[in-house]
1. Considering only DSSP states other than H, G, I, E and B, which GluC sites (Glu not before Pro) in region 89-171 qualify as loop sites with at most 10 other Cβ atoms within 10 Å?
2. Keeping every protein chain present and rolling a 1.4 Å probe, give me the accessible area per residue for region 46-200 in Å².
3. If you average the sequence gap of Cα pairs under 8 Å that are 6 or more apart and divide by the length of region 173-252, what percent do you get for the contact order?
4. Compare T91, T106, T240 by solvent-accessible area with a 1.4 Å probe and give them largest first, with all protein chains kept in place.
5. Report ³J(HN,Hα) in whole Hz for each residue of region 234-245, in order, from the Karplus equation J = 6.51 cos²θ - 1.76 cosθ + 1.60 where θ = phi - 60°; Gly and Pro get x.
6. Enumerate the whole-percent occupancy of each 5 Å bin, from 0 to the last occupied one, for all C-alpha pair distances of region 56-213.
7. What residue among L295, N314, V327 has its Cα farthest toward the positive end of the dipole of region 285-329, where the charges are +1 on Lys, Arg and -1 on Asp, Glu, each on the Cβ?
8. For region 243-321 and region 88-158, what is the separation of their C-alpha centers, rounded to whole Å?
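The values are calculated or read from the model by the stated rules, or taken from the named source; none is laboratory data. Since we're looking at a predicted model, the values are computed, not measured. Note that we place each Cβ from the backbone using ideal geometry, even for glycine, and neighbour counts take in every protein chain shown. These area figures cover heavy atoms from the full protein model, side chains too; ligands, DNA and RNA do not enter into them. Shrake-Rupley method; radii C 1.70, N 1.55, O 1.52, S 1.80 Å.
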Amino acid sequence: MYPLIRNRRLRASESIRRLVRETIITPDDFLVPLFVVEGKGIKEEIPSMPNYYRLSLDNLEKETKELWKMGLCAVLLFVKVPNNLKDNKGTEALNAEGLMQRAIKTVKDACPEMLVMTDVALDPYSAYGHDGIVAEGQILNDETAEILAEMSVSHAQAGADFVAPSDMMDGRILSIREALEDEGFQNTGIMSYSAKYASAFYGPFRDALDSAPVDIANVPKDKKTYQMDFANRFEAIRETQMDIDEGADIVMVKPGLAYLDIVREIKNEVDVPVAVYQVSGEYAMLKAAAEKGWLDHDAVMTEQLIAIKRAGANIIASYFAKDFIRVMG
């Protein structure tokens with residue numbers, strides 16, 4: 001008891017604080033999202049995501065090599081599909097020579113040991129901006145899951161190490177796992193977006209990929225019939241456990257900071273690695289506040305990332321990965 005016990009002794013200097021620090025982030029904790037576009041020589045800044053870019057395949061190759069040199073060992077690929085290739089069934093997603101398939105090969109050719117995860121969802125390919133097939137004002141679940149399974153096999157054939165279904169259709173993990181097994185891809189992993197909430201934090205991401213739901217008649221205006229209600233907590237545990245039972249190797253909570261209670265709940269319940277996606281809106285808010293001089297960018301970034309890992313994340317998908325490595329380097 002006080003005064004025999006004085007907790008401040010362990011805070012007295014930077015050296016002792018470092019020695020007893022409970023939570024540490026290294027490059028191995030990060031999964032780096034990358035946006036890919038058609039063309040050549042393209043490194044196009046995303047207006048709502050300062051210092052983050054859409055990359056053509058030649059610049060994707062350069063970025064992959066830079067990330068590896070920085071000690072970052074895993075990427076998560078997203079593609080911006082030309083409008084003329086979009087339809088209601090994601091037909092282009094199954095093209096063996098499509099942009100995603102070529103992006104996977106580009107990363108693997110540039111750096112064979114880089115872990116490649118791929119986004120599996122229809123919204124980049126959808127004429128309606130939805131993660132599933134639209135019919136009579138509804139998002140079809142089972143028909144969508146079948147296409148997601150085909151997409152996953154196509155990504156595995158191109159060389160993906162993990163597929164990352166982000167759609168929130170019921171039963172899609174089992175459909176994907178069975179399809180991968182049937183095609184001989186027993187070692188291809190699944191990182192499931194298990195607790196993905198219908199969040200307002202996704203705006204800049206949808207700008208980056210032009211994947212927001214379109215505002216036309218007989219098409220749902222949002223994704224609330226398949227993404228989770230952000231008021232719900234126990235539902236996240238049910239969703240996550242179902243995905244594990246269906247074959248998910250890694251589970252994810254998305255978004256990050258506003259959902260750290262969910263991260264801890266899930267971490268306490270499951271025995272598989274837990275990923276957290278620090279999403280585009282979280283990135284954009286800090287960049288904007290720092291630009292205004294209202295917040296210390298590096299200090300707040302570090303505090304946020306530590307908070308995510310402290311909550312229980314084994315993996316952090318973050319647009320701040322390179323910024324953090326530079327600050328800590």
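1. Those that pass, being in a loop and sparsely packed, are E97, E113, E136.
2. Each residue of region 46-200 exposes 37 Å² on average to a 1.4 Å probe.
3. Computed value for region 173-252: 53 percent relative contact order.
4. Reading off the accessible areas and sorting them downward yields T91, T106, T240.
5. Running phi through 6.51 cos²θ - 1.76 cosθ + 1.60 with θ = phi - 60° gives 5, 4, 4, 5, 4, 4, 5, 5, 4, 5, 5, 4 Hz.
6. 2, 10, 19, 21, 22, 16, 8, 2, 1, 0
7. After comparing all options, I get N314.
8. First find each Cα centre; the distance between them is then 24 Å.
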